[in-house]
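Asker: Let me give you the structure first, and then I'll get to my questions.
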Amino acid sequence: MKHLTLRAITAACKGAYHGPDSLLDTEVGQVVIDSRKVESGDLFVAINGESLNGHQFIPGAVANGAVCVVSHEDLGKTDFPYILVESTGQALLDIAKFYRDLFPVKVVGITGSVGKTSTKEMIASVLSQKYCVHKTLGNFNNEWGLPITLFEMNDSHQVAVLEMGVNHFDEMRRLSSVAQPDVCVLTNIGVAHLEFFKTREGILEEKSKMIQDLKEGGSIILNGDDDLLAQVPPTKGAVPLLYGTQPNCTCYVDQVEPLGLRGTRCTIHLPDGTSFSCVIPLPGSHMISNALAGAAVGHTMGLTADEIRRGIEQLPSIPGRNHIIQTDSIIILDDCYNANPVSMKAALDVLSLAEGRKIAVLGNMGELGMNERQLHREVGEYAAFCNLDLVCGIGDLAKDLVEGAASSDPSVPSCWFASKADFLAELPHIIRPGDNVLVKASHGMEFPELVEALTNFRG
């Protein structure tokens, strides 16, 4: 972490320092919000979560070596220094904004309903062919995660690829005002988080607010295959660059050749008229969109066509996100990090490309609002037409998914389980050697344990 003193931190978060003046020029090791991860010399920010008050962990943080604490509760007289602020959540963002401004990095901001993380990984893979890239850690894309990601930056980094996720109105500006992107990328406007945004137009309204913090002379890169994004007008002097398959896209793809679970061969055309052929190493049509986003950002940031191609072809897979696991017995498509109707259908499309017996193990999708049962049913109906050999649903909402599949095509075998334990009990009777198995559900279903069980399955 770059040099950050208690004096600078106090000024950045507009706090009131309580402690010996002799410590004001002390540099902190890291900024930490989890008291269990505090090490000697760190700054602990006591964040209040939905169910836990971070202030109750202050003694533990101090015991672990925190040099100072940020609190929005008046701690009175203490034997350790602390900074009193109005809101520790806002203080964390303010400190992160101050820290971000210490670096001359170019920032690529990414948001959208689905595909943010896989698009982030693709863009980072492309840009790493020319630059030293820092990127969002895992899924640290919210008001706590973005600052923690920024605090990991150092002087070696030239570009930061930052994912920004929101699920309520008025959250995006709190993130984008900290990130201050030089490039804004919007992947799509789907139906995730309809429980809070109500309509796709509401999602567009909130997510596109990222562009309001675009730096002067910056670029806007949008998925032109999305009907709403294709209509976004020029903003802050920047004309959107569209990527996709539609005629209005200046970064587009053709000569698409699916290679099953080995990925896709295609030709990508850049806005300057140059083109190149490449193999996208992960399967699924949505990975083509991710590759186009990477190509568009790479072109905008001065990479050659060959550098962009290498970045696409060297893309690593991520556990839980379209991750192919080949065991001695079966092939697992591990896409269980999260789920919504759009990503669920995309994963089913990928599974349909497999050779051999194809089984979908699908769980509940969260945060879909009043139409959640109908949306599950529609996914089931879609699954029935994906040339599958078996559809398994796990969880209360997944029952509607299974019923949707059965009603659309009774010839497609389907079964429902109330719990993961029920499914695992029947696993030896469901899976056969040589099967291709998709595992996907919302994060709260904790499906990685199913992936682990399938990985150890020997038939």
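Asker: Ordered by packing density, taken as the mean number of other Cβ atoms within 10 Å over each peptide's residues, highest first, how do 46-52, 277-283 rank?
Answerer: The most tightly packed comes first, giving 277-283, 46-52.
Asker: Taking a ≥ b ≥ c as the square roots of the eigenvalues of the Cα gyration tensor of segment 311-459, is the shape rounded (a/c under 1.5), prolate (a/b larger than b/c) or oblate?
Answerer: Taking the square roots of the gyration eigenvalues as a ≥ b ≥ c, segment 311-459 is rounded.
Asker: Output the relative contact order of the chain, whole-number percent, from Cα pairs under 8 angstrom with separation of 6+ residues.
Answerer: RCO, the chain: 11 percent.
Asker: Projected onto the charge dipole of the chain (+1 at Lys/Arg Cβ, -1 at Asp/Glu Cβ, origin at the Cα centre), which of Gly311, Thr235, Leu175 gives the Cα projection farthest towards the positive end?
Answerer: Looking along the dipole axis, the top candidate is Gly311.
Asker: In square angstrom, rounded to the nearest 10, how much accessible surface does Arg377 have for a 1.4 Å probe?
Answerer: 70 Å²
Asker: For the pairs Lys14/Lys135; Lys116/Lys207; Lys116/Lys399; Lys135/Lys236; Lys2/Lys37, note any where the Cα-Cα span goes beyond 21 Å.
Answerer: Too far apart for the 21 Å limit: Lys14/Lys135; Lys116/Lys399; Lys135/Lys236.
Asker: Then there's this: Report the one residue of Gln255, Asn322, Ala293 whose Cα lies farthest in the direction of the positive end of the charge dipole of segment 243-331 (charges on C-beta: Lys and Arg +1, Asp and Glu -1; origin at the Cα centre).
Answerer: The residue sitting most towards the positive pole is Asn322.
Asker: Same structure again: I need the phi-derived Karplus couplings for segment 177-190: 6.51 cos²θ - 1.76 cosθ + 1.60, θ = phi - 60°, integer Hz, Gly and Pro marked x.
Answerer: Karplus-based 3J(HN,Hα) across segment 177-190 equals 5, 7, 5, 6, x, 8, 9, 10, 10, 10, 7, 4, 10, x Hz.
Asker: How big is the accessible area of Cys392 in square angstrom, nearest 10, if you roll a 1.4 angstrom probe over the protein chains?
Answerer: Using a 1.4 Å probe on the heavy atoms, I get roughly 0 Å².
Asker: Okay, moving on. Which percent of Cα pairs goes in each bin when the distances of segment 189-311 are cut into 5 angstrom slices starting at zero?
Answerer: Taking all Cα pairs of segment 189-311, the binned fractions are 2, 11, 19, 20, 18, 14, 10, 4, 1 percent.
Asker: Run the accessible area of segment 241-368 with a 1.4 Å probe and give the carbon-and-sulfur part as a rounded percent.
Answerer: With neighbouring chains kept in place, the figure for segment 241-368 is 49 percent.
Asker: What accessible surface, in Å², does a 1.4 Å probe find on Asp170, ignoring ligands, DNA and RNA and rounding to the nearest 10?
Answerer: 100 Å²
Asker: Express the accessible area of segment 306-442 per residue in Å², computed with a 1.4 Å probe while the remaining protein chains stay in the model.
Answerer: For segment 306-442, the per-residue accessible area is 41 Å².
Asker: So, in nm, how far is label Asp34 from label Arg432 when the simple model puts each one 7 Å beyond its Cα toward the Cβ?
Answerer: My value for the distance between the label points is 4.3 nm.
Asker: Continuing with this model, one more query. Please work out which option in [x] 49; [y] 53; [z] 41 gives percent of Cα pairs over 29 Å apart calculated from these coordinates, and answer with its label.
Answerer: Read-out from the structure maps to [y].
The values are calculated or read from the model by the stated rules, or taken from the named source; none is laboratory data. Since this is a predicted model, take the numbers as computed values, not measurements. As a convention, Cβ positions derive from the backbone with ideal geometry for all residues, glycine included, and neighbour counts pool all protein chains shown. Ligands, DNA and RNA are stripped out before the accessible areas are found, and what is left, the full protein with its side chains, is counted by its heavy atoms. Shrake-Rupley method; radii C 1.70, N 1.55, O 1.52, S 1.80 Å.
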